[in-house]
1. Would any residue of the range 161-185 have its amide N under 19 Å from a label point 7 Å out along Cα→Cβ of I197? List them or say none.
2. In Å, what is the Rg of the alpha-carbon atoms in the range 61-290, and how long is Dmax?
3. Within the chain, how many lysine pairs that are 8 or more places apart, or on different chains, have C-alpha atoms less than 25 Å apart?
4. One quarter of the convex hull surface, Cα atoms only: what value does that give for the range 122-215 in nm²?
5. Over the chain, calculate the relative contact order: mean separation of alpha carbon pairs under 8 Å at least 6 apart, over the residue count, as a percent.
6. Could you work out the equivalent-ellipsoid semi-axes for the range 193-275, taking the square root of 5 times each eigenvalue of the Cα gyration tensor, largest first, in whole Å?
7. Of the candidates V252, V172, V145, which one comes out as most mobile in a Gaussian network treatment of the chain with C-alpha springs shorter than 10 Å?
8. Over the Cα atoms, compute the radius of gyration (one decimal) and Dmax (the largest Cα-Cα distance, rounded to a whole number) for the range 1-147, in Å.
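Just so it is clear, none of the values below were taken in a lab; they were calculated from the coordinates. Bear in mind that the values here come from a model prediction, so they are computed numbers and not experimental data. We place every Cβ from the backbone using ideal geometry, glycine too, and count neighbours over all the protein chains shown.
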Amino acid sequence: MIKKINRPVWFLIPYWTLFFIFIVLPVIAAIALSFTYYNAIEAPKVTGLSNYIELITMDTVFMKYVLSNTIKFALIVGPIGYILSFLLAWMLSQISSIPRTILAIILYSPSLTMGVAMSSMWRIIFSGDSKGYLNALLLNYGVIVEPIQFLVSPQYLMTIMIIVSLWSSMGVGFLAMLAGLLNVDKTLYEAAYIDGIKNRTQEVFYITIPSMKPQLLFGAVMATVTTFQAGAIGVQLSGSNPTPEYAGQLIVNHIEDYGFIRYMMGYAAAVSVVLLLMVYFLSKITFKLLGEKE
């Protein structure tokens, strides 16, 4: 009896239970609801593929603005944030422990206080009156003659969203990369210099990166998931959902708009399934590029 209780599988039961309740069941529910009309009051009515047909053929906002905004946002913030995470983690790995710890906390903290930061600091910086930091600076230097409405202007909103997202992109993936860099076997560097490596660039490409592929893979997956799940940024900056002229409207905003403002839960579920498929396929591509062949 004792041997049966001590089997490793028993220790996995809490994890698998929580994974099933909070991950598997919501995904199954979303897929099921995507084939229905559901307004959160009446019982769901099966409508087949009508939500998906409407999404592709009739939802001009999704096809014209939301999809292109999301892809643009993800393709800029994801790779740049990923590269910045690696570069900053590499630079921190070159200094001593105490300053490294302090700087790592400073770089990581924006990802923890994202909502507070956007509602205070960034709104003050890009405020549309003359007291906004950026407007005040441009007015003082004579670059502009009147304040620019940065946060409600379709011309600037996406750019500001990208800046804020990159500022807060040093999340869990950054910490994983830092841990991977600190755990690379130092004897590999010594052997590499004996074999002919001449500078730090060769050291990074031939020793560091191959030695921390699991951390790089984790960081890439986290960057993909995080950028596609972003949605609060444009809404909190502009103060409205949908954002002005849909300039900062991402897929998550579209889901919230239909699900929690219009109460078209079935349609929102169909959009969420599309988002799930996009993240899944991009994650598979990431695994192909950075995953181990074994």
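1. Residues 177-185 fall inside that zone.
2. Values for the range 61-290 (Cα only, Rg and Dmax): 20.7, 66 Å.
3. Summing the qualifying lysine pairs gives 11.
4. Numbers: hull surface 38.3 nm².
Projected area, direction-averaged: 9.6 nm².
5. Values: 328 pairs, mean separation 79.8, N = 294.
Over the chain, the number comes to 27 percent.
6. They are 44, 15, 7 Å, listed largest first.
7. For the chain, modelled as a Gaussian network with Cα springs under 10 Å, the answer is V145.
8. Computed over the Cα atoms of the range 1-147, radius of gyration and Dmax are 25.1, 82 Å.
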